[in-house]
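Encoded as structure tokens, the structure appears first; notes follow it.
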Amino acid sequence: MDSKKSYSLPGGFINSDSSLPWLLPLITMLVVFAIIPFFYNIYLSFHEFVPAKRALLFVGWDNWIRLFTDEVFWGSLKVSLYYTFMCLAIQLVLGMGIALLIDSDDPGFGIIRSILTLTLVIPPAIAGMIFLIMEDANYGLITWGLKSMGLIGQEDTILADPTLALWGVMLVDIWQWTPFMVLILVAGLRSLPSEPFESAMIDGARPFQVFRRLTLPMLHKVIAVAVLIRGIDLWRMVDYVFVLTSGGPGTSTYTLSLYAWQRFTFVQWGYGATISLFSLIVILIVGNAFIHFAKVKW
Amino acid sequence: MNKVLKQVLGWFTAAVFFFPIYFWITVSIKKDKDIFALPPKLFNFDISLEAYEEVFGISRFLYVEDMGAVRPGGGDFYMMPNLVDSIIIALGSTGLAMLISILGAYSLSRIPIRGQQHFMGWILSTRMMPPVAVAIPMFFIYKNIGLMDTHLGIIIIHALMNLPLAVLLMKSFFDDIPKDIDEAALLDGASRFYVFWRLIVPLAIGGIAATAVLCFIFSWTEFIFVLILTQTGLKTIPVVSTSFVTSTGTAWDNMAALGTAAIIPAFIFILLVQRHLVRGLTLGSVKQ
């Protein structure tokens, strides 16, 4: 069969050796997804819906001034930062521990790794539901367990308590995404060459020394990628707080994304867009700086 | 470390992470009195499939007595239409994302462009955008062009959401295939599209399947776009499952039945592509 004839499309467009026709659909979609919303957000951040006139009017810098004087915004920024860094640290340390434990060819460990993949495909909103019933004030399993062990008082609750609520939310994230770290780190551990470890054993190095001097440096690229992707998703998280606390009690568990969404539903479209734009700019700067300094390559 | 101790700790870890899933499944088949029992009944409860019947109308001939009137099983908690919505959206957005990303990724892998690193960086940057920051402007754009509250609108936004993953992952799979194959075929006079469609795509089929499964799962589990960009026309499972929480109480058994039904297909899919899972989770950057 003459390949050239039978597979030429009209005008030979896609047969082109230039990359433009191949990339055109992708570029179009990315412009729609990334460029237009970005500029539309900037536009919205200088406008606000005025109920009296039932219209979106130009308000200058009002939204940005409001942003930097709004206590709830600063609170939600603090919650987002705390949530991101705490979860990242816990998931990384816990994930590394579990990865070292189950990095083994012995029978059974393949099944253990398979079980750990399961949490990753649960819709986060449903993962939130699972913990909503387990952390319920009256008949929740976790609440009951903590009370039985005397860690919280008989009248205490988790999700209605300003100091505990955020940890109640973080627990879901740690449960669902620690396996993400585990699987990536196990893959990293499995790809390491065995010679340096054998010679270190012969030299009589202690396990902790081997870990610090050999394993960690050799894994640094894998760790950087895992931290980057997890960090992005932690910063963007909204499902868990939406389901578990809706930002409460009070405003103690508002994250930036949830607060932006909540302002949006209160028809403060311009202000909601301003908050989400702020959140977007922060993650773009921090994410790209991380890629640059950690030398992550795609 | 001792081998037996390692086994014990390994299985203990797996049990801890599996426990909430097990508990959720038991809620879906428990009766109310056992759901609220303390200490929790983990094994010794009566099994009832009523919640599934209400949610999926498995038994269409089951009639329940409701305020004196007899109506078909199902009622307020009948979620079959939402399951169909979820399937349409996940399949449609996966198809769209794969079509665009395979073409783009092949080109990025084989025909380098000027500023390729910047272009890749741009793709990665779109992966960082918080969904809220995209959904709020999209709400107004969709309102104007009539895509609000439609399947097509959600299919497009989910495809867009998955594009960075799909492109970067597919590029890494194409990069694994030696470029000599393309070059030899091109020298023999084959066209670019023939090389792509007849030689490279069949070789990358495992990677394509893995990428498609991940796109499907991320669309299946997505929450905030559907929440903001739909009103009454459609609701996917993650969003509709929040509707079981009402002011008069929460229908835990129904919610768990829907949740269980939603996660089991995802479990099967993910176990099928486990070999490529880590590569997928790291957008093609860490290979197993």
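The values are calculated or read from the model by the stated rules, or taken from the named source; none is laboratory data. Computed from a predicted model, the values in this text were never measured in an experiment. Positions of Cβ are generated from backbone atoms using ideal geometry, with glycine treated the same way; all protein chains shown enter the neighbour counts.
Filtering region A:83-113 to residues that are more than 22 Å from the chain's Cα centre (by Cα) and either under 12 Å from B:GLN7 (Cα atoms) or free of Cβ contacts under 8 Å to residues at least 60 places away in the same chain (or both) leaves A:LEU101, A:ILE102, A:ASP103, A:SER104, A:ASP105, A:ASP106, A:PRO107, A:GLY108, A:PHE109, A:GLY110, A:ILE111, A:ILE112.
Here the helices (runs of 4 or more DSSP H) wholly within region B:1-74 that include at least 3 residues being at pLDDT 85 or above and within 11 Å of another protein chain (Cβ to nearest Cβ) are B:3-28. Restricting attention to region A:68-77, does a residue exist that is closer than 18 Å to A:GLN268 by Cα, modelled with pLDDT of 95 or more, away from chain B (no Cβ under 13 Å) and crowded, with 19+ Cβ neighbours inside 10 Å? Checking region A:68-77: at least one residue is closer than 18 Å to A:GLN268 by Cα, modelled with pLDDT of 95 or more, away from chain B (no Cβ under 13 Å) and crowded, with 19+ Cβ neighbours inside 10 Å. The residue that is farthest from the other protein chains (Cβ to nearest Cβ), among those in region A:154-195 that are closer than 30 Å to B:VAL286 by Cβ and in a loop (DSSP other than H, G, I, E, B), is A:SER194. Take the conditions (1) part of a loop (DSSP other than H, G, I, E, B); (2) surrounded by fewer than 17 Cβ atoms within 10 Å (Cβ to Cβ); B:LEU147 misses just one of them, which is (2). The listed residues are A:LEU101, A:LEU88, A:LEU151, A:LEU92, and the only one of them that is in contact with a Gly (Cβ under 7 Å, 6 or more places away or on another chain), away from every other protein chain (no Cβ under 13 Å), of a type in the set (A, V, I, L, M) and over 30 Å from B:LYS235 (Cβ atoms) turns out to be A:LEU88. If the condition is being surrounded by fewer than 15 Cβ atoms within 10 Å (Cβ to Cβ) and assigned to a loop (DSSP other than H, G, I, E, B), then region B:240-258 contributes B:SER247, B:THR248. Considering region A:258-271 alone, what residues qualify as being in contact (Cβ under 8 Å) with a residue 24 or more places away in the chain and either farther than 20 Å from A:THR84 by Cα or at the interface with chain B (Cβ under 7 Å from one of its Cβ atoms) (or both)? The answer is A:VAL267, A:GLN268, A:TRP269, A:GLY270, A:TYR271.
Let's see how each residue does on (1) within 25 Å of A:SER276 (Cα to Cα); (2) facing chain A (nearest Cβ under 8 Å); (3) among the basic types (Lys, Arg); (4) assigned to a helix (DSSP H, G or I):
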position	(1), (2), (3), (4)
B:TYR194	no, yes, no, yes
B:VAL201	no, no, no, yes
B:ILE208	no, no, no, yes
B:PRO238	yes, yes, no, yes
B:PRO265	no, no, no, yes
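Would you check if A:GLY250 is in contact with a His (Cβ under 6 Å, 6 or more places away or on another chain) and touching a residue at least 60 places away in the same chain (Cβ under 8 Å)? Considered against the rule, which asks whether it is in contact with a His (Cβ under 6 Å, 6 or more places away or on another chain) and touching a residue at least 60 places away in the same chain (Cβ under 8 Å), A:GLY250 comes out as no.
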